[in-house]
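Novice: Before we start, here is the structure in question, set down as structure tokens.
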Amino acid sequence: MADTASPDGRVPLLGQLAGEGWFMSMGEIAATTSLTWLASDPGLRAAMLAHLGTQVGMDLTSVERFVPEPVHDDRSRPDIAMLDVDGHTIALVEAKFGAHLTDDQVAAYLAGLNRRSGPHRGALFILVPPSRVDEAKRILERTINAQSETAAHAIVTWDEWLNVWAAVAEESSDAGLAGDLRQLRAMCHTLGGCVTPPLAGTATGRDWQERASDLVEIVDVVTRQLLGSWSPRSLPRQGKLVPTEPWVYRYLPMISPDTWVQVGVWGRFADEGLTPFWLMLHKDDRGSGGFQAALQRLMASELSRKVRRDDGHAWVPLEVSGDASGPELLDALRTTVGAVLRILKP
């Protein structure tokens, strides 16, 4: 594995470990715990508090310590709490890579700050990869609009945070500190790279070949989640989404005896300027009549005007927003597939 930012081109150990499945499930905890450990360095803490304070127009110099994952009485658990000498919560940091960020979660943190900030106004920082900045903005806007009084707030990217600390390490010439930050940056780069950026124009077919690897990953993750008791080996992903095989899909469990659907990406539809994601109701039901019955339900639904008949099969477009990213995008596609399946099943 190469690292273009490294003099020798080698990715630090934590950057390589972060790509392992067992590590990724704990990646956010590892990264945010690392932030609290490194914040014990006075220079790093002062630089970060100055930077964050500028983002929200607050003086954060009264922060004495960073505490990882404090559990509040409402059972909310922000990733980092910044406390003053008396234990008042001056600021909270909610850090994300691939995990969900919800309106309820943000609302709970804002409400908690109003209760625990004491003489301070309180501030909430959402720490995300660049691919999730727009999503975080939408959630903050919705949550803040629902509250008449709220704490200060800002969105910060992992690169932004680490760049502030890298400048401190460079000035100090502390090789050990620089090494720790290089390890942390490599880990965060790997974890952030696993978050699918917004599809933008690809959501309507534009330049879909350039996002082929993301499209394959999206289909794989979403269809695995819809397998129920079936194993991925029983219903493997098929196709490659390459010029010679411009499709990738997975069969889902039967909607009725001998009646199957596929969910996947079809390049020929994307080439027409349509969504790359489609659900196909397979015409071959081995004489069970399941296809015609499902087709009748589909054509009697609000989706009838979108159904496309091709080679005897029935195709339903699975439209997603070009602005959604990461888990928001996966949820949107899974929800859309689920809505179609509810129509198709008897």
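Novice: I'd like to know if the range 327-342 contains one or more residues that are more than 16 Å from Val219 (Cα to Cα), more than 30 Å from the chain's Cα centre (by Cα) and basic (Lys, Arg).
Specialist: No, that holds for no residue.
Novice: Taking the range 242-256 only, how many residues are in contact with a strand residue (DSSP E or B) (Cβ under 9 Å, 6 or more places away or on another chain), open to solvent by less than 40 Å² (accessible area, probe 1.4 Å) and among the hydroxyl-bearing types (Ser, Thr, Tyr)?
Specialist: Matching residues across the range 242-256 total 1.
Novice: Looking only at the range 190-221, count every residue that is over 17 Å from Gly21 (Cα atoms), in contact (Cβ under 8 Å) with a residue 24 or more places away in the chain and open to solvent by less than 70 Å² (accessible area, probe 1.4 Å) and tell me the total.
Specialist: 13
Novice: Something else about it: Take the residues of the range 236-252 that are modelled with pLDDT of 95 or more and in contact with a helix residue (DSSP H, G or I) (Cβ under 8 Å, 6 or more places away or on another chain): which is farthest from Arg211 (Cα to Cα)? Please lay out each step first, then the result.
Specialist: At the first step, the residues of the range 236-252 found to be modelled with pLDDT of 95 or more are 236-239, 246-252.
Now narrow it down to the ones that are in contact with a helix residue (DSSP H, G or I) (Cβ under 8 Å, 6 or more places away or on another chain): 237, 246-250, 252.
Numbers: Arg237: 18, Pro246: 13, Trp247: 13, Val248: 13, Tyr249: 16, Arg250: 19, Leu252: 24 Å.
Among those residues, the one meeting the criterion is Leu252.
Novice: Please go through (1) in a strand (DSSP E or B); (2) open to solvent by less than 10 Å² (accessible area, probe 1.4 Å) for Arg309 and return the number of the only condition it doesn't satisfy.
Specialist: It is condition (2) that Arg309 fails.
Novice: Give the range 138-165 a look and list any residue that's modelled with pLDDT of 95 or more and in a helix (DSSP H, G or I), or say none.
Specialist: Trp158, Asp159, Glu160, Trp161, Leu162, Asn163, Val164, Trp165
Novice: Now for a different question. Which of the residues belonging to the range 284-306 are in a loop (DSSP other than H, G, I, E, B) and of a type outside the set (A, V, I, L, M)?
Specialist: Asp284, Asp285, Arg286, Gly287, Ser288, Gly289, Ser301, Glu302
Novice: Taking the range 262-283, which residues are in contact with a strand residue (DSSP E or B) (Cβ under 9 Å, 6 or more places away or on another chain) and open to solvent by 70 Å² or more (accessible area, probe 1.4 Å)?
Specialist: Once the filter is applied, which keeps residues that are in contact with a strand residue (DSSP E or B) (Cβ under 9 Å, 6 or more places away or on another chain) and open to solvent by 70 Å² or more (accessible area, probe 1.4 Å), the range 262-283 yields Arg268, Lys283.
So that you can scan it fast, the table gives a plain yes or no per residue for (1) among the hydrophobic types (A, V, I, L, M, F, W, C); (2) at pLDDT below 85; (3) touching a strand residue (DSSP E or B) at 6+ places or on another chain (Cβ under 8 Å):
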site: Asp79; (1), (2), (3): no, no, yes
site: Ile90; (1), (2), (3): yes, no, yes
site: Val106; (1), (2), (3): yes, no, yes
site: Asn114; (1), (2), (3): no, yes, no
site: Ser117; (1), (2), (3): no, yes, yes
site: Ala123; (1), (2), (3): yes, no, yes
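Novice: Which residue, of Ala186, Ala203, is within 20 Å of the chain's Cα centre (by Cα) and at pLDDT 95 or above?
Specialist: The match here is Ala203.
Novice: So, one more: Which of the residues spanning the range 68-98 are loosely packed, with under 15 Cβ neighbours inside 10 Å and within 29 Å of the chain's Cα centre (by Cα)?
Specialist: Initial filter on the range 68-98 (loosely packed, with under 15 Cβ neighbours inside 10 Å): 69, 71, 73-75, 85-87.
Within the range 68-98, Glu69, Val71, Asp73, Asp74, Arg75 qualify.
Novice: For the range 222-241, give me each residue that is exposed (fewer than 14 other Cβ atoms within 10 Å of the Cβ) and part of a loop (DSSP other than H, G, I, E, B).
Specialist: Gly228, Ser229, Ser231, Pro232, Arg233, Ser234, Pro236, Lys240, listed by residue number.
The values are calculated or read from the model by the stated rules, or taken from the named source; none is laboratory data. The structure presented is a predicted model; accordingly, all values stated were derived computationally and were not measured. Note that each Cβ is placed from the backbone with ideal geometry, even for glycine, and that neighbours are counted across all protein chains shown. SASA here: full protein model, heavy atoms, side chains in, ligands and nucleic acids out. Shrake-Rupley method; radii C 1.70, N 1.55, O 1.52, S 1.80 Å.
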